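Below is one structure, written out as structure tokens, with a few remarks after it.
The values are calculated or read from the model by the stated rules, or taken from the named source; none is laboratory data. For clarity, every value in this text was computed on a predicted model and none was experimentally measured. Because the Cβ atoms are built from the backbone with ideal geometry, glycine has one as well, and the counts that use them run over all protein chains shown. Note: areas computed on protein heavy atoms with side chains; ligands, DNA, RNA excluded. Shrake-Rupley method; radii C 1.70, N 1.55, O 1.52, S 1.80 Å.
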Amino acid sequence: AASDVYKRQVLSCVAVIGWVVVWVIATNQFYPTYLQAVKGWDAIGSSMPLMVASLISLPLGPLFGHLMNKQHASKWWMVIGFALVAVMLAFFAYTGPNDTMGPWIYALVLGGIVQSIVPPGLRVYIPTAAKDSAKIDYSLALMAFLTAFVQLFASFYGTSVEMLGWNDTCYFVLIPITIITLVCMILLKSDKKILEAQKIDDGKEPQVNS
């Protein structure tokens, strides 16, 4: 039904917004500043975890995207991805000033693993969730627009850090956004069920993997 397609588009947009806030704004743009201001790392050291994470995501992104497409399981991959984000934010991202391992674990998991799951997962899921090429093009264009538009709110995140501090911003802004996004991913209809329903609509018997 058209309402189901619309619901899937809305939930996918929430995933885009949640990922842009946590990864693009809070981590890519502000995390090196946190490492310098709170932990006393220099400019090179503070950028190193994210650089290494990006190198890890180069091969993992296409690999995970292929597996998600082959398994028709991008929804559950993204659920695992956002669950990892919540754990990383709660326990590893903003730790004591003398902790050096937490930032590395946080950056490598988010930038190396989750970055290789969420964006490829959305690109795999959206063509499955939309029923025709026009809806697919619209959804992909909307995803690209949201990715750019949400970054305009980086100044609001910076204001939150100034008012609340790094840790409270994490617990009262980033983690709630991540949990909301995780719930939306759980509510998302799985790609396998969508394909099975499409086969039934086309008069074909669905094949369910055991």
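What length, rounded to one decimal in nm, is gained on full extension from I179 through to S47, with 0.36 nm per residue of separation minus their alpha-carbon distance? Could you put the intermediate results ahead of the total?
Working: separation 132, 0.36 × 132 = 47.52 nm, distance 2.69 nm.
Once the chain is fully extended between I179 and S47, it gains 44.8 nm.
Could you calculate, for segment 68-111, the ratio of the Cα radius of gyration to the Kirkwood radius, expressed as Rg to Rh?
Details: Rg = 13.3 Å, Rh = 11.5 Å.
Ratio value, two decimals: 1.16.
How high is the relative contact order of segment 52-210, given as a whole-number percent (alpha carbon pairs under 8 Å, six or more residues apart)? Don't jump to the answer; show the numbers that get you there.
Working: 145 pairs, mean separation 55.0, N = 159.
Taking the mean separation of contacting Cα pairs over the length of segment 52-210, I get 35 percent.
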Karplus-derived HN-Hα couplings along segment 92-100 (A = 6.51, B = -1.76, C = 1.60, θ = phi - 60°), whole Hz, x at Gly and Pro: 10, 6, 10, 10, x, x, 8, 7, 9
Per residue, how big is the convex hull of segment 21-100 when only Cα atoms are used? Give it in Å³. 94 Å³
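If you wrap the chain's Cα atoms in a convex hull and average its projection over all directions, what's the area in nm²?
On the way: hull surface 48.9 nm².
The directionally averaged projection comes out at 12.2 nm².
What 222 nm value per residue comes from the helices of the chain, counting each DSSP H run with n ≥ 4 as -39,500 (n - 2.57) and dividing by all residues, nearest 500 deg cm²/dmol?
Values: 11 runs with 145 residues, N = 210.
Helix-only estimate at 222 nm: -22000 deg cm²/dmol.
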Using only Cα atoms, find the angle between the long axis of helix 133-150 and the longest principal axis of the chain, and express it within 0 to 90 degrees, rounded to the nearest 10. 10 degrees
Between A197 and F153, what is the spin-label point distance in nm, taking each point 7 Å from the Cα along the Cα→C-beta axis? 2.8 nm
With point charges of +1 on the Cβ of Lys and Arg and -1 on the Cβ of Asp and Glu, referenced to the Cα centre of the chain, which listed residue (W23, Q36, H66) lies farthest in the positive direction of the dipole? H66
Quote the accessible area belonging to K199 in square angstrom, nearest 10, computed with a 1.4 Å probe and with ligands, DNA and RNA left uncounted. 70 Å²
To the nearest 20 debye, what charge dipole does the chain have about its Cα centre, counting +1 at the Cβ of each Lys and Arg and -1 at the Cβ of each Asp and Glu? 460 debye
